[in-house]
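Asker: My questions all concern the structure below.
None of the figures in this text is laboratory data; all of them are computed from the coordinates on show. Not measured: the values here are computed from a predicted model. Glycine also receives a Cβ, built like all others from the backbone with ideal geometry; neighbour counts cover every protein chain displayed.
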Amino acid sequence: MLSYFSSNEHKRAKFIFDTIAPIYGLIDRKTQDDYKKMVAMLNEDIPLKGLSALDVGTGTGSWIATLKSFGLSEAHGIDFSEKMIAEATKKHPGITFSHSDALHLKTVNDNSFDIVTASFVMHGMKKEARAVVLTGMKRVARRYVIIQDFYQASNPFIYMLEWLERSDYPYFKKHFADEMKGIFAETKILTAHNGNGLYLGMI
Ligand SMILES: C[S@@+](CC[C@H](N)C(=O)[O-])C[C@H]1O[C@@H](n2cnc3c(N)ncnc32)[C@H](O)[C@@H]1O
């Protein structure tokens, strides 16, 4: 419990996600419809059939499972919460999952996956950590880095949840598009609904 009050944001985030892993599936159900709509929109821009993808901060695997349902040839998810990985492995037998920290993608070779993606992970980190993670994602991606996360306005309930999570939510929404532009030669934003967007970085 003391970890929740830790000034080490990494330790605090790991504690929070390990704690909520067993009930995270309930939130999954709610986000599933949005994910399907967003991936359908993405698929218009980037046809997913036959591509390989790595999902960073996969949680219980909902985002990568939705991407895979559009025809990915290979899908892998990583997370620093062992408990999230255990839930994901139970739920999605057709996808491989492993325990790994997004800040240290060193075990993944350069240009390993067509797509490297992260859904609702980036807003939880501070700018400096995001830069490290995005740079690592760019290194291991062959074609695209795809970030699914908050964009534009959201409702007060989200503000409250993000405050409890002590995330970087307000700063993130204002500055993340520019952070992407600083790392990728070409970027594009596809907006979806409910204040969420897809940020595409081309390799
Ligand atoms: C809000 S959840 C999103 C889960 C999933 N991507 C989804 O969209 O349903 C954020 C996830 O990122 C993971 N995470 C946060 N920081 C991480 C890091 N440094 N390395 C790996 N996973 C991380 C957490 O454990 C958690 O499972």
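Asker: For the structure I just gave you, tell me whether Ala185 is touching a residue at least 24 places away in the same chain (Cβ under 8 Å) and of a type in the set (A, V, I, L, M, F, W, C).
Answerer: No; evaluated as a whole, the condition is false for this residue.
Asker: Can you tell me which residues in region 37-80 are without any contact (Cβ under 8 Å) to a residue 60 or more places away in the chain, outside any loop (DSSP other than H, G, I, E, B), closer than 20 Å to Ala192 by Cα and more than 13 Å from the ligand (Cβ to nearest atom)?
Answerer: Selection gives Ala40, Asn43, Glu44, Lys68.
Asker: Mind listing whichever residues of region 26-55 are more than 17 Å from Ala75 (Cα to Cα) and within 16 Å of the chain's Cα centre (by Cα)?
Answerer: Listed by number, the residues that qualify are Ile27, Asp28, Thr31, Gln32, Asp34, Met38.
Asker: Evaluate the following for Asp114: is it out of contact with any helix residue (DSSP H, G or I) (no Cβ under 9 Å at 6 or more places or on another chain) and in contact (Cβ under 8 Å) with a residue 60 or more places away in the chain?
Answerer: Answer is yes for this residue.
Asker: Name the one entry in Glu87, Glu74, Glu82, Glu9 that is closer than 26 Å to Ala129 by Cβ and touching a strand residue (DSSP E or B) at 6+ places or on another chain (Cβ under 6 Å).
Answerer: Residue meeting the stated conditions: Glu82.
Asker: Would you tally the residues in region 53-84 being in contact with a Lys or Arg (Cβ under 9 Å, 6 or more places away or on another chain) and among the aliphatic types (A, V, I, L, M)?
Answerer: Selection size over region 53-84: 4.
Asker: So, in region 178-203, exactly how many residues are part of a strand (DSSP E or B), over 26 Å from Pro156 (Cα atoms) and not hydroxyl-bearing (Ser, Thr, Tyr)?
Answerer: Counting residues in region 178-203 that are part of a strand (DSSP E or B), over 26 Å from Pro156 (Cα atoms) and not hydroxyl-bearing (Ser, Thr, Tyr) gives 5.
Asker: What is the one condition in (1) assigned to a strand (DSSP E or B); (2) near the ligand (Cβ under 9 Å from one of its atoms); (3) more than 22 Å from Lys37 (Cβ to Cβ) that Lys83 does not satisfy?
Answerer: Just one mismatch for Lys83, condition (1).
Asker: I would also like to ask the following. Scan region 12-36 residue by residue and report those that are within 12 Å of the ligand (Cβ to nearest atom), free of Cβ contacts under 8 Å to residues at least 60 places away in the same chain and of a type in the set (Lys, Arg).
Answerer: Arg29, Lys30
Asker: Just for strands (runs of 3 or more DSSP E) wholly inside region 86-177: which have at least 2 residues that are surrounded by fewer than 17 Cβ atoms within 10 Å (Cβ to Cβ)?
Answerer: Filter on region 86-177 gives 96-99, 141-150.
Asker: Taking only region 100-121 into account, find how many residues are near the ligand (Cβ under 9 Å from one of its atoms), in contact with a strand residue (DSSP E or B) (Cβ under 7 Å, 6 or more places away or on another chain) and either among the basic types (Lys, Arg) or at negative phi (or both).
Answerer: 6
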